[in-house]
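Okay, so here's the structure we're looking at.
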Amino acid sequence: MNVATPPSLARDGAAPANMSAEEWKIRCDLAALYRLIAHHRWTDFIYTHISARIPGPEHHFLINRYGVLFENMRASDLVKIDVDGNVLDGDAEFAGQSRRVNAAGFTIHSAIHMARHDLSCVVHTHSAAGIAVSAQKHGLLPISQHALKFYGHLSYHGYEGIALDLDERDRLIADLGPDNKAMILVNHGLLAGGRSIPEAWNQIYYLERACSAQIAALSGGAELVLPPEEVRLKTAAQFNGPHALAHAEFAWDAALSIIEGQDYRS
């Protein structure tokens, strides 16, 4: 009889001989995040991406191997690259393959990892609700508790085409700003980051839910109720207080039970 590894131990497996325990833990958490995104159906086949920084002065980060479905992602499928897009893990099987990493994914994620050292994990999605809200001129409306988490804490970046132009990185970072952890990419999708992988998961979860609620509310055609300004500010402060990181860790441990027993730690 196979006994599944408890979620609390999912990040504590032994690292490969050629890898630090710290990097292996990040790989396992990142692979788990990919699978959680797949569980909630926020994927776009193989075309979105999640990254996580490897601690150190080099600014190396992990991103998905292009072509692996999110629901199949394993720790060993993640590719370590530098901010110039060079593959660093020495996998001879993929040597010289320029499409090992999604080029647009590199542009977006390298921009944030270079400029926002506080964001160790970045999630980008193309969900139906996220794309729909990104196409609405008014953006995310403060009509739900989920949306109020981002009130005064949400950025917008105008669409420039598929993100293949490295010059766009400067404009993306300018639009994100120095403090916000979430952004709507207009006519494109959603972007959320966190000081940890659990916090990035918490950010994208709430942003996706807020967008889904908005599309459902607008589809009814009835007049919407908006909370008064003081309530919006109060709710945002409640969400983003000093407890936010600890709460994200707490929720993350619960989320891991969804993929308990899967082989993402291989």
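Numbers for the structure displayed
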{"quantity": "Out of I46, I26, I63, sole residue that is within 13 Å of I81 (Cα to Cα) and not hydroxyl-bearing (S, T, Y)", "calculated": "I63"}
{"quantity": "Scope the stretch 119-144; condition under 19 Å from D175 (Cβ atoms) and under 19 Å from the mean Cα position of the chain (by Cα); matching residues", "calculated": "L119, V122, V123, H124, T125, H126, G130, I131, V133, S134, L140"}
{"quantity": "Qualifying residue in the stretch 164-177 (condition: touching a Gly at 6+ places or on another chain (Cβ under 7 Å) and at negative phi)", "calculated": "no"}
{"quantity": "Qualifying residue in the stretch 177-194 (condition: touching a Leu at 6+ places or on another chain (Cβ under 8 Å) and β-branched (V, I, T))", "calculated": "yes"}
{"quantity": "Residues of the stretch 232-253 satisfying the condition of being touching a residue at least 60 places away in the same chain (Cβ under 8 Å) and of a type in the set (A, V, I, L, M)", "calculated": "L233, A236"}
{"quantity": "Among (1) open to solvent by less than 40 Å² (accessible area, probe 1.4 Å); (2) farther than 22 Å from Q238 by Cβ; (3) not charged (D, E, K, R), the one test that A128 misses", "calculated": "(1)"}
{"quantity": "Filter result for N187 (loosely packed, with under 15 Cβ neighbours inside 10 Å, among the polar types (S, T, N, Q), farther than 14 Å from I143 by Cα and at pLDDT 95 or above)", "calculated": "yes"}
{"quantity": "For H157: the one exception among (1) over 21 Å from S127 (Cβ atoms); (2) modelled with pLDDT of 95 or more; (3) open to solvent by less than 50 Å² (accessible area, probe 1.4 Å)", "calculated": "(1)"}
{"quantity": "Residue check for A147: open to solvent by 10 Å² or more (accessible area, probe 1.4 Å), closer than 24 Å to A237 by Cα and over 12 Å from the mean Cα position of the chain (by Cα)", "calculated": "no"}
{"quantity": "Options D175, D167: the member that is free of Cβ contacts under 8 Å to residues at least 12 places away in the same chain and among the acidic types (D, E)", "calculated": "D167"}
{"quantity": "So I204, is it open to solvent by less than 40 Å² (accessible area, probe 1.4 Å), part of a helix (DSSP H, G or I) and either in contact (Cβ under 8 Å) with a residue 40 or more places away in the chain or among the polar types (S, T, N, Q) (or both)", "calculated": "yes"}
{"quantity": "Those strands (runs of 3 or more DSSP E) lying entirely in the stretch 29-145 with at least 2 residues basic (K, R) and farther than 20 Å from N18 by Cβ", "calculated": "none"}
{"quantity": "Counted residues, the stretch 191-238 - those being over 19 Å from K137 (Cα atoms) and more than 18 Å from the chain's Cα centre (by Cα)", "calculated": "12"}
{"quantity": "The lone exception for K25 - which of (1) open to solvent by less than 20 Å² (accessible area, probe 1.4 Å); (2) part of a helix (DSSP H, G or I); (3) not acidic (D, E) it fails", "calculated": "(1)"}
{"quantity": "Filter result for D82 (open to solvent by 10 Å² or more (accessible area, probe 1.4 Å) and under 14 Å from the mean Cα position of the chain (by Cα))", "calculated": "no"}
{"quantity": "Per-region count, the stretch 210-266, residues loosely packed, with under 11 Cβ neighbours inside 10 Å, part of a helix (DSSP H, G or I) and of a type in the set (D, E, K, R)", "calculated": "2"}
{"quantity": "Tally, over the stretch 186-197, of residues that are outside any loop (DSSP other than H, G, I, E, B) and either small (G, A, S) or free of Cβ contacts under 8 Å to residues at least 60 places away in the same chain (or both)", "calculated": "4"}
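The values are calculated or read from the model by the stated rules, or taken from the named source; none is laboratory data. The model shown is predicted, which means the values in this text are computed figures rather than measured ones. Backbone-built Cβ (ideal geometry, glycine too); neighbour counts: all protein chains shown. Remember, those area values only see protein heavy atoms, side chains included, never the ligands or the DNA or RNA. Shrake-Rupley method; radii C 1.70, N 1.55, O 1.52, S 1.80 Å.
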